[in-house]
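Asker: The structure under discussion is supplied below as structure tokens; questions concerning it will follow.
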Amino acid sequence: MAFTFFMRDQPTLEHAVDQMIPYASGRSRIKIWDAGCAQGQETYTLAMILAERMNRFGFKNVQIDATDHDSANRFGEVVSKAVYHGDELKRTPANLLAKYFEPAAKPGHYQVRDELRNRVRFRYHDLLSLTPAGNEYCLVVCKNVLLHFQPGERVEVFKTFHGALASGGYLATENTQKLPDEVSHLFTRVAPDAQVYKKREN
């Protein structure tokens, strides 16, 4: 579904980032895939969390691939412009709103500042193609997407995520999306209070 808001399921994203940062430390490029990004609210929430937890130099090494299967590219336009209605930002703390957003030309709207926008690129991608959007990702985030798929499709998508991750990389899903038994050997859960997993090697 396209509708979402900033800071949705924030604890899961924080758990994932806290696991990933020590793992990715020292990399010249830290690749992250937000699979099923819709209009980018989750993507920029993730970018804010990363910016807050990393030093400025480290954050400049982050590249977030935000993907969705919107063939009309409406999502891509929204993500690129990064202009959102104030209602979508109600859960965003005031200090983060002031730090990472500025008033947009359209009344009642805010635009994400370049510091975050420069770390995000939108790409068209259909998860059911079972072809990864890239490889050597330190983190893959896929939340509130797989519930729309059939059980067998979910299994295959999890396999795709496993292939897209760098050795020892991390995967995060929403709390209601449990890891299917068929792929339990591919990941190790690392956060007791969130669906965050570390890639196992075959």
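Just so you know, all these numbers are worked out from the coordinates, no wet-lab data involved. Here the structure is a predicted model, which is why all the values come from computation and not from measurement. Backbone-built Cβ (ideal geometry, glycine too); neighbour counts: all protein chains shown.
Asker: So LYS143 passes all but one of these: (1) touching an Asp or Glu at 6+ places or on another chain (Cβ under 8 Å); (2) basic (Lys, Arg); (3) without any contact (Cβ under 8 Å) to a residue 60 or more places away in the chain. Which condition number does it fail?
Answerer: Single failed check for LYS143: (3).
Asker: For the range 19-39: of the residues being under 16 Å from LEU127 (Cα atoms) and among the hydrophobic types (A, V, I, L, M, F, W, C), which is surrounded by the fewest Cβ atoms within 10 Å (Cβ to Cβ)?
Answerer: ALA38
Asker: Mind listing whichever residues of the range 12-33 are assigned to a helix (DSSP H, G or I) and either β-branched (Val, Ile, Thr) or under 16 Å from LEU171 (Cβ atoms) (or both)?
Answerer: At the first step, the residues of the range 12-33 found to be assigned to a helix (DSSP H, G or I) are 12-24.
If the condition is that a residue be assigned to a helix (DSSP H, G or I) and either β-branched (Val, Ile, Thr) or under 16 Å from LEU171 (Cβ atoms) (or both), then THR12, LEU13, GLU14, HIS15, ALA16, VAL17, ASP18, GLN19, MET20, ILE21, TYR23, ALA24 are the ones that fit.
Asker: Inside the range 128-194, counting only strands (runs of 3 or more DSSP E) that do not spill past its ends, which hold 1 or more residues that are small (Gly, Ala, Ser)?
Answerer: On the way: elements: 137-141, 165-173, 187-189.
The strands (runs of 3 or more DSSP E) meeting that bar are 165-173.
Asker: While we're here: With the requirement that a residue be in contact with an Asp or Glu (Cβ under 8 Å, 6 or more places away or on another chain) and either among the β-branched types (Val, Ile, Thr) or surrounded by fewer than 17 Cβ atoms within 10 Å (Cβ to Cβ) (or both), what does the range 40-72 give you?
Answerer: THR43, ILE49, ARG53, ILE64, THR67, HIS69
Asker: If you check LEU89 against the conditions, is it out of contact with any Asp or Glu (no Cβ under 8 Å at 6 or more places or on another chain) and either buried (at least 20 other Cβ atoms within 10 Å of the Cβ) or hydrophobic (A, V, I, L, M, F, W, C) (or both)? Working first, answer last.
Answerer: Details: out of contact with any Asp or Glu (no Cβ under 8 Å at 6 or more places or on another chain): yes; either buried (at least 20 other Cβ atoms within 10 Å of the Cβ) or hydrophobic (A, V, I, L, M, F, W, C) (or both): yes.
Taking the combined requirement at face value, the residue satisfies it.
Asker: May I pose another question? Can you list the helices (runs of 4 or more DSSP H) found entirely within the range 54-111 that contain at least 1 residues being out of contact with any His (no Cβ under 8 Å at 6 or more places or on another chain) and aliphatic (A, V, I, L, M)?
Answerer: Counting at least 1 such residues, we get 74-81, 94-100.
Asker: Check SER71, SER28 and return the single one that is of a type in the set (S, T, N, Q) and in contact (Cβ under 8 Å) with a residue 40 or more places away in the chain.
Answerer: None of the other options fit; the residue is SER71.
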